[in-house]
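Okay, structure first, notes after.
The values are calculated or read from the model by the stated rules, or taken from the named source; none is laboratory data. What you see is a predicted model, and the numbers here were worked out from it, not measured in a lab. We place every Cβ from the backbone using ideal geometry, glycine too, and count neighbours over all the protein chains shown. To get the accessible areas, we keep the full protein, side chains included, count just its heavy atoms, and leave off ligands, DNA and RNA. Shrake-Rupley method; radii C 1.70, N 1.55, O 1.52, S 1.80 Å.
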Amino acid sequence: MSEDICQNLKAVQQRIAKACEKAGRDADEITLVAVSKMKPLEDIKTAFGCGQIHFGENRAKELQDKMDAYDEEEVQWHMVGNLQTNKIKYMVERVNWIDSVPKKKTIREIEKRASRIDRVINVLIQVNISGESQKSGCEPEELPKILEYARGKTHVNVRGLMGMATYLDEDEDLEKIRPEFRLLRELKEEHESFNGENIQLEHLSMGMTNDMEVAIEEGSTMVRVGRAIFGERDYS
Ligand SMILES: *Cc1c(COP(=O)(O)O)cnc(C)c1O
């Protein structure tokens, strides 16, 4: 089935606007990151053509290939998935945001590689909010020492926190994951004393196709949406 990507983008923006209205928020506070993983570059170009600026990928190789192939200065590229340290070296040449930084070592490597080419990378610290052991991200208690470590870096700007809620089946109640989003917002508020220099905890990246409304009600400023824009992914 071919997707009308521009139509889908409009529909997602309407969902965002409606959720903001319900929550008494301004839709301008929300950045939409279009997650284009497993989708062809053509789809990214189409979305860019109808005004989409932020794109996210969850695999380093796929992100790298797409960044290399699409030389469009205005595009803001986000790495949103698990990241091996050895992939950072190449990534920093173009990536604008790394949304899934779970530990000090990742910050150290971004700082080292980005400083050599004098770029500054926006990062979000990913926190394990679902409590599931296989989920990535730091534990909430680790956040202070990671922020402490990031403080004063000159090529890493910490812009906020990222989290992924427990994956629910279609028929499950979204209220189940509201506390997870709320936890991330509380963690942001609790750590705002770190703000200054290169740390500004302003963003909360939370909410995807299934759960963006609840995430927005709980304070999300960045939603990462794939399927609602580009259609279902084919894993076969
Ligand atoms: C795939 C992915 C998304 C988007 O998920 P959809 O259900 O397609 O909206 C968001 N964040 C991350 C980290 C992802 O890997």
Inset, instruction - Return the loop-located trypsin sites (Lys or Arg not before Pro) in segment 182-236 (DSSP other than H, G, I, E, B) with at most 15 other Cβ atoms within 10 Å of their own Cβ; answer none if there are none. - result: R233
Legend entry - Hydrodynamic radius of the chain per Kirkwood, over alpha carbon pairs, in Å: 18.0 Å
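With runs of 4+ DSSP H residues as the only contributors, calculate the mean residue ellipticity of the chain at 222 nm using -39,500 (n - 2.57) per run, divided by the residue total and rounded to the nearest 500.
Details: 9 runs with 86 residues, N = 236.
Rounded to the nearest 500, the figure is -10500 deg cm²/dmol.
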Inset, instruction - Please identify, among G131, G226, G163, the residue showing maximal mean-square fluctuation in a Gaussian network model of the chain using a 10 angstrom Cα cutoff. - result: G131
Inset, instruction - Pop out the carbon and sulfur fraction of the accessible area of segment 2-229 as a percent, whole number, probe 1.4 Å. - result: 45 percent
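What number comes out for accessible area per residue over segment 65-210 if the probe is 1.4 Å? Units Å², please.
Working: 7130 Å² over 146 residues.
For segment 65-210, the solvent-accessible area averages 49 Å² per residue.
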Legend entry - Most mobile of N58, N195, N96 in a GNM of the chain (Cα contacts under 10 Å): N195
Inset, instruction - Just flag the trypsin sites (Lys or Arg not before Pro) in segment 15-81 sitting in loop per DSSP whose Cβ has no more than 16 other Cβ atoms within 10 Å. - result: R59
Legend entry - Unpartnered cysteines - no second Cys beta carbon under 4.7 Å - across the chain: C20, C138
Legend entry - Euclidean distance between Cα centres, segment 1-45 to segment 52-105, Å: 20 Å
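Please identify the GluC sites (Glu not before Pro) of segment 60-113 that satisfy two criteria: DSSP loop assignment and at most 14 other Cβ atoms within 10 Å. Which are they? If you can, show how the numbers build up before the last one.
Details: sites: E62, E72, E73, E74, E93, E109, E111; in loops: E72, E73, E74, E93.
Listed in order of number, the matching sites are E72, E73, E74, E93.
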Legend entry - Spatially near lysine pairs across segment 104-192, Cα under 24 Å, sequence gap of 8 or more or different chains: 18
Inset, instruction - Name the most mobile residue of E218, E172, E141, meaning the one with the largest mean-square fluctuation, in a Gaussian network model of the chain with Cα contacts below 10 Å. - result: E172
